[in-house]
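Take a look at the structure below.
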Amino acid sequence: MIAEIKSASPSIGVIAEDIDVENVAKMMRRGGASALSILTEPKNFRGRIEHLQATRNIGLPRLMKDIIIEPAQVEAAAKAGAEAILLITSIFQRRLSETKLDDMISLAHKRGLEVLLETHTTEEFQTAVNTQADMIGINNRDLSTMTTDIQVTVRIMTRCKPRGKVIVSESGIATPEHIRLLRRHGVDAFLVGSSIMTSPDIEGKVRELVEA
């Protein structure tokens, strides 16, 4: 379970005006999270690099989640003490970054960072599994329409049988039933943000999903 800390989401709007990031991280750890995802993207998620720095002493690996297009962002993640970063396959396929995907992954590894490489389609997934990314994410949210369908992961995992990669399902995961469904289809890990952050009992919600 990768529990995500974020102040807002394009799909649901503002979650909280002001978050005690360190305290939220501690609740997630007590609930049984294996790692944290920290939003640092400011425009859509109201994230800040300081949120990543505030969780240095929590004792869990931390993923810096942002829209990374420049090597400087990878350097910032390493400097802030992150253990991993998110890269989005479609950004590089659409050439929105001047740096090639393989080069960005290589830079991350040189800086001691693991890479979660996000996909949304079968084609993107097949491309991703042939990279040196450490983990392959399947985002159930279509970033062009902001619609979310957990069956996106199910469809991709039904068609593809990757080996040697950690598969992470992202977005739209809210219940133990979702966890059990995705696990049956070969998913190794789950990145969950909104359903945890909007819960009145963050620690309890994490535990509910972890124990599914």
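The values are calculated or read from the model by the stated rules, or taken from the named source; none is laboratory data. Bear in mind that the values here come from a model prediction, so they are computed numbers and not experimental data. We place every Cβ from the backbone using ideal geometry, glycine too, and count neighbours over all the protein chains shown.
Results for (1) closer than 21 Å to A82 by Cβ; (2) part of a loop (DSSP other than H, G, I, E, B); (3) in contact with a helix residue (DSSP H, G or I) (Cβ under 6 Å, 6 or more places away or on another chain), shown as yes or no for each residue.
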| site | (1), (2), (3) |
| --- | --- |
| A3 | yes, no, yes |
| S11 | no, yes, no |
| A16 | no, yes, no |
| I19 | yes, yes, no |
| E22 | yes, no, no |
| K26 | yes, no, no |
| R29 | yes, no, no |
| A33 | yes, yes, yes |
| S37 | yes, no, no |
- Query: Among the listed residues M104, M146, which satisfies the condition of being among the hydrophobic types (A, V, I, L, M, F, W, C) and surrounded by 15 or more Cβ atoms within 10 Å (Cβ to Cβ)?
  - Reply: M104
- Message: Among the residues of region 135-150, are any over 19 Å from I91 (Cα atoms) and charged (D, E, K, R)?
- Response: yes
- When A54 is evaluated against the numbered criteria (1) of a type outside the set (V, I, T); (2) surrounded by fewer than 18 Cβ atoms within 10 Å (Cβ to Cβ); (3) farther than 19 Å from L143 by Cβ, which criterion, by number, is the only one it fails? (2)
- Inter-residue pairs, beta-carbon under 7 Å, first closer than 15 Å to L86 by Cβ and in region 152-170, second of a type in the set (K, R) and not in a helix (DSSP H, G or I), 6+ apart: none
- Query: Which residues, taken from region 91-120, are closer than 15 Å to I69 by Cα, under 15 Å from the mean Cα position of the chain (by Cα) and not charged (D, E, K, R)?
  - Reply: V115, L116, L117
- Item | Unmet criterion (only one of (1) surrounded by fewer than 18 Cβ atoms within 10 Å (Cβ to Cβ); (2) more than 15 Å from the chain's Cα centre (by Cα)) for P61 | (2)
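Taking the conditions exactly as written (out of contact with any Lys or Arg (no Cβ under 9 Å at 6 or more places or on another chain), of a type outside the set (G, A, S), crowded, with 20+ Cβ neighbours inside 10 Å and assigned to a helix (DSSP H, G or I)), does L209 satisfy them or not? Walk me through it before giving the result.
Values: out of contact with any Lys or Arg (no Cβ under 9 Å at 6 or more places or on another chain): yes; of a type outside the set (G, A, S): yes; crowded, with 20+ Cβ neighbours inside 10 Å: yes; assigned to a helix (DSSP H, G or I): yes.
Against the criterion (out of contact with any Lys or Arg (no Cβ under 9 Å at 6 or more places or on another chain), of a type outside the set (G, A, S), crowded, with 20+ Cβ neighbours inside 10 Å and assigned to a helix (DSSP H, G or I)), L209 qualifies.
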- Message: Based on this model, can you work out whether A72 counts as modelled with pLDDT of 95 or more and under 16 Å from the mean Cα position of the chain (by Cα)?
- Response: no
- Item | Subset of region 64-101 (residues that are buried (at least 17 other Cβ atoms within 10 Å of the Cβ) and of a type in the set (K, R)) | K65
